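Notes for the one structure printed next.
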Amino acid sequence: MNDLGYALLGEEKNAAAIAAFELNVEAFPRSANGLDSLAEALIADNQLKRAKAILKQAMLLDPNLESAKKQLASLETPVSTENSL
């Protein structure tokens, strides 16, 4: 199911990818990797608040999951709105 989600994400079919990843998480609720994949699709769909919550769940299951750490850090880094000249 994860492979299908990434195939759909690669085709920019975000809603379908999210649905596939949600099914994967439903089937494997203790999979930090599954949650991380779902968060990646949510980020692609600009659902950042939900992605952040999902990444925190993934980190609770596997505190050493590097991809989740990196994605969470990027979501928590404030984006500057100032123009730099």
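Laboratory data are not the source of any read-out in this text; all were calculated from the coordinates shown. Note that the structure is a prediction, hence the values are computed from the model and not measured. Reconstructed Cβ throughout: ideal geometry from the backbone, glycine too, with neighbour counts over all protein chains shown.
For this structure, a couple of remarks:
- Relative to the current alpha-carbon distance between K13 and K70, full extension at 0.36 nm per residue lengthens the span by 18.2 nm.
- Simple spin-label estimate for A44 and L4 gives 1.5 nm between the two label positions (7 Å along the Cα-to-Cβ direction from each Cα).
- Within the chain, the proportion of C-alpha pairs whose separation exceeds 20 Å stands at 33%.
- A Förster distance of 22 Å, applied to the separation of the beta-carbon atoms of F28 and T77, puts the FRET efficiency at 0.15.
- Taking a straight line from the alpha carbon of K49, these aspartates and glutamates sit under 17 Å away, with near neighbours fewer than eight places off in the same chain left out: E22, D36, E40, E76.
- The chain: most fluctuating residue of N33, N24, N64 per GNM, C-alpha cutoff 10 Å: N64
- Of all lysines in the structure, the ones whose alpha carbon falls short of 23 Å from that of K56, not counting any fewer than 8 places away in one chain, are K69, K70.
- Mean Cα-pair separation over length for the chain, i.e. relative contact order, pairs under 8 Å, 6 or more apart, %: 21 percent
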